[in-house]
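One structure is given here, and the rest of the page talks about it.
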Amino acid sequence: MLWGLRLILTAALLGLLASCATKRPQLVKNTARTFTTVVVDAGHGGQDSGAYRRTGPPEKVVALDVAERVDQKLRESELHTVMTRSSDVFIPLDSRVAIENAQKNSIFVSIHFNDSSRRAIHGFETYYHSPVAYELAQRIQEKLLTLPHSINRGVHAANFRVLRKAAYPAVLVECGFLSNRSEGRSARNAEYRDQLADKIAEAIVEERYGPGVYQGTAQTASEGSAAATQNRTPPPPKGAPLGSLNR
Ligand SMILES: [Zn+2]
């Protein structure tokens with residue numbers, strides 16, 4: 001009886017150890033204050049269009065445009081950059097992860113636009129997985145909220161593969177809903193996409209070097225600081241519809 005109990009306990013303990021070993025979180029190196037390279041990831045591409053509405057270009061196109069602008073602005077700020085794609089090609093998620101983790105002393109920023117069957121839903125969302133990426137996610141979200149008429153849908157933890165498998169701080173930015181009339185129209189406007197890129201680049205430079213270093217290049221004449229303070233709405237309830245999950 002006792003011997004049997006001990007066997008059961010031993011088996012349970014071994015099982016527990018095994019599950020601890022498999023569930024051990026990946027160690028993410030905190031390079032938020034030291035990074036020299038930014039891996040800029042344009043979501044989707046090729047046969048994977050991402051969010052799509054007949055009224056405008058698919059997510060893969062506008063995401064690449066914002067990503068290229070972020071890339072350019074970061075290089076103007078003398079950061080080294082690597083893009084996971086710079087044309088309309090399909091890159092599997094694991095290949096994106098390989099590119100991201102091949103860059104030593106880096107951070108990773110993935111650019112997406114959102115989609116919902118509920119047309120009224122709009123606003124910015126930024127995602128992270130490791131706690132070491134939370135501050136960067138928060139900073140990007142805050143900068144985006146300085147854009148006029150912006151809505152805060154919050155900074156959230158998520159299990160997206162490009163975040164979960166990252167060896168360095170990694171975030172994913174949802175730059176608004178293509179399914180929303182107003183944000184969809186904005187996303188089709190190159191000047192607006194440049195402003196999005198400018199805010200993201202500013203947040204990245206500020207994360208690395210502190211406030212006041214970034215020299216913006218966007219046309220932000222219409223930018224109103226009132227919009228930033230008025231639009232701090234709470235995050236949406238859990239279970240709110242999200243866009244394409246290929247991220
Ligand atoms: Zn996407």
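Some points to look at:
- For the stretch 128-147, the criterion of a residue being buried (at least 24 other Cβ atoms within 10 Å of the Cβ), of a type outside the set (A, V, I, L, M) and under 24 Å from Gly45 (Cβ atoms) is satisfied by at least one position.
- Wholly enclosed helices (runs of 4 or more DSSP H) of the stretch 123-225 bearing at least 2 residues under 12 Å from the mean Cα position of the chain (by Cα) and farther than 24 Å from Asn105 by Cα: none
- Ser117 vs. criteria within 16 Å of the ligand (Cβ to nearest atom), in contact (Cβ under 8 Å) with a residue 24 or more places away in the chain, out of contact with any Lys or Arg (no Cβ under 9 Å at 6 or more places or on another chain) and not β-branched (Val, Ile, Thr): yes
- Residue within the stretch 105-114 that is free of Cβ contacts under 8 Å to residues at least 12 places away in the same chain, surrounded by fewer than 22 Cβ atoms within 10 Å (Cβ to Cβ) and more than 16 Å from the ligand (Cβ to nearest atom) present: no
- Filter result (within 20 Å of Arg164 (Cα to Cα) and assigned to a loop (DSSP other than H, G, I, E, B)) within the stretch 58-84: Thr84
- If the condition is being under 15 Å from Ile107 (Cβ atoms) and free of Cβ contacts under 8 Å to residues at least 40 places away in the same chain, then the stretch 41-74 contributes only Asp71.
- If only residues of the stretch 38-86 that are within 16 Å of the ligand (Cβ to nearest atom), hydroxyl-bearing (Ser, Thr, Tyr) and over 15 Å from the mean Cα position of the chain (by Cα) are counted, the one that is farthest from Arg118 (Cα to Cα) is Ser49.
- Residue count for the stretch 39-53, restricted to those that are out of contact with any Pro (no Cβ under 9 Å at 6 or more places or on another chain), assigned to a loop (DSSP other than H, G, I, E, B) and either over 22 Å from Leu74 (Cα atoms) or modelled with pLDDT under 95 (or both): 3.
- Among all positions in the stretch 87-98, there is at least one residue which is charged (D, E, K, R), at pLDDT 95 or above and more than 16 Å from the ligand (Cβ to nearest atom).
- Test: residue in the stretch 85-102 that is buried (at least 22 other Cβ atoms within 10 Å of the Cβ), hydroxyl-bearing (Ser, Thr, Tyr) and within 23 Å of Asp198 (Cα to Cα): no
The values are calculated or read from the model by the stated rules, or taken from the named source; none is laboratory data. All of these numbers come straight from a predicted model, not from anything done at the bench. All Cβ positions, glycine included, derive from the backbone under ideal geometry; neighbour counts span all protein chains shown.
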